[in-house]
Amino acid sequence: MGRPYISALIDTYNHERFIAQAIESVLEQDFPASEMEVLVVDDGSTDSTGTIVQNYAPRVRYLRKANGGQASAFNFGIPQLSGEIVAMLDGDDWWARDKLRRVVETFEQNQDVGMVGHGLIQTDTGGKPIRLVLPEQTYRLDIRNMEAARHFDQLKGFFGTSRVAYRRKILERALPIPEELV
């Protein structure tokens, strides 16, 4: 496989109940598998998360590290990726089937955009949808002034880890992510 266009980074810690669904939601994307790499960073799980993830090899790369928190998992995993776009997913979440295609279309149509975020569906422990969290419209945020920064602060929920993708060149400028962030 040549250099992938998009890298999916799944961070996980003791997600044995959810990790298979997270991985399968990435592998079932309506995006060419040949243009995508998938990496799972296990942040020192003490359950069977690692064994479950290894069942998806070689399509999914698995890296394990000592527990250090989510930011440390990102700092460990991001340098291992080679895609131009990096999309993140927490090990207890999943993506809609068209997520990557729509993210890539957005980046391709907006060459000056550095990151793309979106809404989400929250579910109960049985997987039943309980709340739909979507922005009222499409926003283009430029945080070069205080008013725009305040607007971003109001919408930052749409840039949580499972709902954000970055151009690699932007993400690399932000590394390392402060590990004190929770």
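Which condition breaks for Lys99 when tested against (1) within 22 Å of Arg3 (Cβ to Cβ); (2) out of contact with any His (no Cβ under 9 Å at 6 or more places or on another chain); (3) modelled with pLDDT under 95?
That leaves (2) as the condition not met.
Only one of Ala71, Ala66 is of a type outside the set (D, E, K, R) and in contact with a Gly (Cβ under 6 Å, 6 or more places away or on another chain); which? Break it down into steps so the answer makes sense when it comes.
Details: Ala71 fails: in contact with a Gly (Cβ under 6 Å, 6 or more places away or on another chain).
After ruling out the rest, the residue left standing is Ala66.
Each row is one residue, and each column tells you yes or no for (1) touching a strand residue (DSSP E or B) at 6+ places or on another chain (Cβ under 9 Å); (2) buried (at least 21 other Cβ atoms within 10 Å of the Cβ); (3) closer than 18 Å to Arg168 by Cβ.
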{"residue": "Glu28", "(1), (2), (3)": "no, no, no"}
{"residue": "Thr49", "(1), (2), (3)": "yes, yes, no"}
{"residue": "Tyr56", "(1), (2), (3)": "yes, no, no"}
{"residue": "Gly69", "(1), (2), (3)": "no, no, no"}
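Can you name every residue in the stretch 145-169 that is assigned to a helix (DSSP H, G or I), modelled with pLDDT of 90 or more and either crowded, with 16+ Cβ neighbours inside 10 Å or under 15 Å from the mean Cα position of the chain (by Cα) (or both)?
Residues of the stretch 145-169 that are assigned to a helix (DSSP H, G or I), as a first pass: 146-159, 161-163, 168-169.
Next cut, modelled with pLDDT of 90 or more only: 168-169.
Arg168, the sole residue that qualifies.
State yes or no: is Asn75 open to solvent by 40 Å² or more (accessible area, probe 1.4 Å), under 22 Å from Ile177 (Cα atoms) and either at pLDDT below 95 or out of contact with any strand residue (DSSP E or B) (no Cβ under 8 Å at 6 or more places or on another chain) (or both)?
On the way: open to solvent by 40 Å² or more (accessible area, probe 1.4 Å): no; under 22 Å from Ile177 (Cα atoms): yes; either at pLDDT below 95 or out of contact with any strand residue (DSSP E or B) (no Cβ under 8 Å at 6 or more places or on another chain) (or both): yes.
Against the criterion (open to solvent by 40 Å² or more (accessible area, probe 1.4 Å), under 22 Å from Ile177 (Cα atoms) and either at pLDDT below 95 or out of contact with any strand residue (DSSP E or B) (no Cβ under 8 Å at 6 or more places or on another chain) (or both)), Asn75 does not qualify.
Tell me, please, whether a residue that is open to solvent by 80 Å² or more (accessible area, probe 1.4 Å), at pLDDT 85 or above and more than 20 Å from Ile6 (Cα to Cα) can be found in the stretch 174-181. Give the derivation first.
Kept after step one, since they are open to solvent by 80 Å² or more (accessible area, probe 1.4 Å), are these residues of the stretch 174-181: 176, 179-181.
Subsequent filtering for residues that are at pLDDT 85 or above retains 176, 179.
Still in the list and also more than 20 Å from Ile6 (Cα to Cα): 176, 179.
Among the residues of the stretch 174-181, at least one is open to solvent by 80 Å² or more (accessible area, probe 1.4 Å), at pLDDT 85 or above and more than 20 Å from Ile6 (Cα to Cα), which makes the answer yes.
Out of the strands (runs of 3 or more DSSP E) lying entirely within the stretch 8-100, which hold 2 or more residues that are free of Cβ contacts under 8 Å to residues at least 60 places away in the same chain?
Values: elements: 36-42, 60-64, 85-90.
Correct list: 36-42, 60-64.
The values are calculated or read from the model by the stated rules, or taken from the named source; none is laboratory data. Note that the coordinates shown come from a computational prediction; the quantities given were computed from them, not determined experimentally. When we count neighbours, we look across all protein chains shown, and the Cβ atoms used for this are built from the backbone with ideal geometry, even at glycine. The protein model used for the area step is the full one, side chains on, heavy atoms only, and it has no ligands, DNA or RNA in it. Shrake-Rupley method; radii C 1.70, N 1.55, O 1.52, S 1.80 Å.
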